[in-house]
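Colleague: Input: one structure, supplied below.
The values are calculated or read from the model by the stated rules, or taken from the named source; none is laboratory data. Note that the structure is predicted; figures quoted are calculated from it, not measured. Cβ coordinates were reconstructed from backbone atoms using ideal geometry, including for glycine residues, and neighbour counts include every protein chain displayed.
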Amino acid sequence: MKSVIKQEVLALNGDEAVAYAAKQADVDIVAAYPITPQTIIVERFSEYVANGEVETEFVCTESEHSAMTACLAAATAGARTFTATASAGLALMHEMLFVTSGCRAPVVMAVVNRALSAPINIHGDHSDSMAERDSGWIQIYAENAQEVYDSTIQAFRIAENPEVLLPVMVCLDGFTLSHTLENVNVFPDDVVKKFVGTRQLPQVLTHEGKTAPFKLDPENPMTMGPIALPNYYFEFKRQQEEAMKNALNMIKQVHDKYAQISDRSYGDGLAEKYHLEDAEIAIICLGSTAGTVKTVIDELRAEGVKAGLLRIRTFRPLPVKEIIKALENVTGIAVMDRAMSFGGNGGPVYHEVRHVLYGADKHPYVINYIYGLGGRDTSPEQIRKIYEDLRRIIQTQRVEEPIKYVGLRE
Amino acid sequence: MTSQEKSWKEISPAGVCWKPSTEFLTGDWKTYKPIRDLEKCTRCLFCVLFCPDGAIHWKPEKEDIEFDYNFCKGCGICANECPTKAIEMKLE
């Protein structure tokens, strides 16, 4: 049932939208270290703390490894926890990302996507978060600043759900989203506070033979993250996979509940279809590039070309059934990757989409376009060229080059 | 692995322990076992203090120490620290 709540329009860039959402989500602890292009998030949040607008404990750490460690510790004590990073900062967290997901600590983190060195580059691409796709974190990729705000709020409710209990990355494209001012609809503070609620803790059996809320508490001592040898480690990893399956459902549910009060939706929360119903050719991409693709689709549709888009919003967990269903009538597919998997025969999104489609009844043509590395701009003309390639492929029924590079000087 | 071990559906998340660590007998890890020469031992309790596993206990009723071989991992720190060289590490 829809009951849309009146919202205020603020001019925010993507980073500010993250900080604003985290402020409204009643976060207990923020432990962070600044890095371009995430810096604005940390700056804004520390202003909220300095101005007394939040009761959050702000922990300035000496590195991202420490920031994630502090977040993990706070989350295991039952706190609502938030941090943000980018590029090398995320890479430095690598070890602790696995510990955080393995300890089932529902930390929410904004990842402002930026290229990894070398050569050093501060601009946007997905090489940082794609390198962490197997770290046990949920990954949501936003298209614009509004979705960044909405996804950050939703992330707390997804992460902290006792059926999920997994950390969440909200990924936004460096500069394209982080530093670009947009009109963002925001809720009153109390609406967000009510939507995210207080953190729920499942009951667990402790070594004292008692059941107790899942948090580190001197009243109910328990051990989290101990050594697990070959006889138990595997079982804990299987639990994490189950949590990812539960997350698929929970992401949809939280997205739908949020849509009822915001009047905004992003497909089903897992993937968003644009003119895909009767599409013959389609692009698959993540993040802000979808905005450019939609503009090109509008032009192509006016010309009578049956072009569509599937934007994967939740890359982890990967919405396998939804991808198969969405693409069942498409003949030619171009998967756009803003990261490379060197020597891996294409980019990570391409690998996964092709892998998913192996289980489909029909096998369409699937080709890969690597684009936008190190912040290189991707123009509508280049997107149009991709659709032209797809049209040629389905007409000639031949794929000459399955993996291509957009805007690269040959 | 034994049939008593639980499935992934039965255990708490994040490795939360459902039994105390004292139920995991780590003493079977050892290769060398500390054996004490009662003549040389002065009951100075250095070994009790230095044992990283808390596996050497002072028993006031006996006025003597006792090794808990269920938890002694055979590291040999006690033998190394013993001022009278009263502890010998013997191959098990």
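Colleague: Does A:Ser46 meet the test of being assigned by TED's automatic domain parsing to the domain that holds A:Phe156, free of Cβ contacts under 8 Å to residues at least 40 places away in the same chain and more than 23 Å from the chain's Cα centre (by Cα)?
Modeller: Details: assigned by TED's automatic domain parsing to the domain that holds A:Phe156: yes; free of Cβ contacts under 8 Å to residues at least 40 places away in the same chain: yes; more than 23 Å from the chain's Cα centre (by Cα): yes.
Judged against the criteria, A:Ser46 is a match.
Colleague: Still on this structure, please answer the following. Surrounded by fewer than 16 Cβ atoms within 10 Å (Cβ to Cβ), polar (S, T, N, Q), closer than 25 Å to A:Ser151 by Cβ and modelled with pLDDT under 95: does that describe A:Gln200? Lay out the reasoning, then the answer.
Modeller: Working: surrounded by fewer than 16 Cβ atoms within 10 Å (Cβ to Cβ): yes; polar (S, T, N, Q): yes; closer than 25 Å to A:Ser151 by Cβ: yes; modelled with pLDDT under 95: yes.
Answer is yes for this residue.
Colleague: Something else: It is to be established whether one or more residues within segment A:128-138 are part of a strand (DSSP E or B), in the same structural domain as A:His179 (by TED's automatic domain parsing), at pLDDT 95 or above and of a type in the set (S, T, N, Q).
Modeller: Within segment A:128-138 (the criterion being part of a strand (DSSP E or B), in the same structural domain as A:His179 (by TED's automatic domain parsing), at pLDDT 95 or above and of a type in the set (S, T, N, Q)), the answer is no, since none of the residues qualifies.
Colleague: Tell me which residues, restricted to segment A:190-226, are more than 10 Å from chain B (Cβ to nearest Cβ) and either at positive phi or assigned to a helix (DSSP H, G or I) (or both).
Modeller: Listed by number, the residues that qualify are A:Asp190, A:Val191, A:Val192, A:Lys193, A:Lys194, A:Phe195, A:Val196, A:Gly197.
Colleague: Can you tell me which residue within segment A:106-121, out of those that are of a type in the set (Val, Ile, Thr) and crowded, with 18+ Cβ neighbours inside 10 Å, is nearest to the chain's Cα centre (by Cα)? So that I can check it myself, show each step before the final result.
Modeller: So the first thing to find is which residues in segment A:106-121 are of a type in the set (Val, Ile, Thr), and the list is A:107-108, A:111-112, A:120.
Next, only the ones that are crowded, with 18+ Cβ neighbours inside 10 Å stay: A:107-108, A:111-112.
Numbers: A:Val107: 13, A:Val108: 10, A:Val111: 8, A:Val112: 10 Å.
Per the stated criteria, the residue is A:Val111.
So that you can scan it fast, the table gives a plain yes or no per residue for (1) surrounded by 12 or more Cβ atoms within 10 Å (Cβ to Cβ); (2) within 26 Å of B:Phe24 (Cα to Cα):
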residue: B:Lys40; (1), (2): yes, no
residue: B:Leu45; (1), (2): no, yes
residue: B:Val48; (1), (2): yes, yes
residue: B:Ala55; (1), (2): yes, yes
residue: B:Glu63; (1), (2): no, no
residue: B:Phe71; (1), (2): yes, yes
residue: B:Pro83; (1), (2): no, no
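Colleague: May I ask you to list pairs of residues, at least six apart or on different chains, whose Cβ atoms are under 6 Å apart, with the first in segment B:52-70 being touching a residue at least 60 places away in the same chain (Cβ under 8 Å) and the second being among the polar types (S, T, N, Q)?
Modeller: Note: no pairs meet the criteria.
Colleague: Taking the condition of being over 11 Å from B:Ala14 (Cα atoms) and within 7 Å of chain B (Cβ to nearest Cβ), how many residues in segment A:227-244 meet it?
Modeller: Let us first name the residues in segment A:227-244 that are over 11 Å from B:Ala14 (Cα atoms), namely A:229-232, A:234, A:238, A:241-244.
Then keep just the ones that are within 7 Å of chain B (Cβ to nearest Cβ); that gives A:231, A:238.
The qualifying residues number 2.
Colleague: Of A:Thr76, A:Thr69, which residue is closer than 19 Å to A:Met93 by Cβ and touching a residue at least 60 places away in the same chain (Cβ under 8 Å)?
Modeller: Working: A:Thr69 fails: touching a residue at least 60 places away in the same chain (Cβ under 8 Å).
After ruling out the rest, the residue left standing is A:Thr76.
Colleague: Going residue by residue through segment A:246-258, is there one that turns out to be out of contact with any Cys (no Cβ under 9 Å at 6 or more places or on another chain), within 13 Å of another protein chain (Cβ to nearest Cβ) and either surrounded by 14 or more Cβ atoms within 10 Å (Cβ to Cβ) or of a type in the set (A, V, I, L, M) (or both)? Reasoning before the result, please.
Modeller: First, pick out the residues of segment A:246-258 that are out of contact with any Cys (no Cβ under 9 Å at 6 or more places or on another chain): A:246-258.
Keeping just the survivors that are within 13 Å of another protein chain (Cβ to nearest Cβ) gives A:246.
In the following step, the residues that additionally are either surrounded by 14 or more Cβ atoms within 10 Å (Cβ to Cβ) or of a type in the set (A, V, I, L, M) (or both) were identified as A:246.
Checking segment A:246-258: at least one residue is out of contact with any Cys (no Cβ under 9 Å at 6 or more places or on another chain), within 13 Å of another protein chain (Cβ to nearest Cβ) and either surrounded by 14 or more Cβ atoms within 10 Å (Cβ to Cβ) or of a type in the set (A, V, I, L, M) (or both).
Colleague: Also, I was wondering about something else. Does at least one position in segment A:249-265 carry a residue that is touching a residue at least 60 places away in the same chain (Cβ under 8 Å), not polar (S, T, N, Q) and not in a helix (DSSP H, G or I)?
Modeller: Yes, because at least one residue in segment A:249-265 is touching a residue at least 60 places away in the same chain (Cβ under 8 Å), not polar (S, T, N, Q) and not in a helix (DSSP H, G or I).
Colleague: Restricting attention to helices (runs of 4 or more DSSP H) lying wholly within segment A:1-84, give those where 1 or more residues are over 27 Å from A:Asn185 (Cα atoms).
Modeller: Numbers: elements: A:14-24, A:39-50, A:64-76.
Helices (runs of 4 or more DSSP H) meeting the threshold: A:64-76.
Colleague: Consider segment A:97-122. How many of its residues are of a type in the set (A, V, I, L, M, F, W, C), in a helix (DSSP H, G or I) and under 26 Å from A:Glu16 (Cα atoms)? Explain how you work it out, then say what you get.
Modeller: Residues of segment A:97-122 of a type in the set (A, V, I, L, M, F, W, C): A:97-99, A:103, A:105, A:107-112, A:115-116, A:118, A:120, A:122.
From what is left, the residues that are in a helix (DSSP H, G or I) are A:97-99.
Subset that is under 26 Å from A:Glu16 (Cα atoms): A:97.
Total meeting the criteria: 1.
Colleague: Just for segment A:339-380: of the residues that are more than 23 Å from A:Asn121 (Cα to Cα) and of a type in the set (Ser, Thr, Tyr), which one is surrounded by the most Cβ atoms within 10 Å (Cβ to Cβ)?
Modeller: This residue is A:Tyr350.
Colleague: Could you count how many residues in segment B:1-38 are within 29 Å of A:Thr100 (Cα to Cα), of a type in the set (A, V, I, L, M) and surrounded by 11 or more Cβ atoms within 10 Å (Cβ to Cβ)?
Modeller: Residues that pass the stated criteria total 4.
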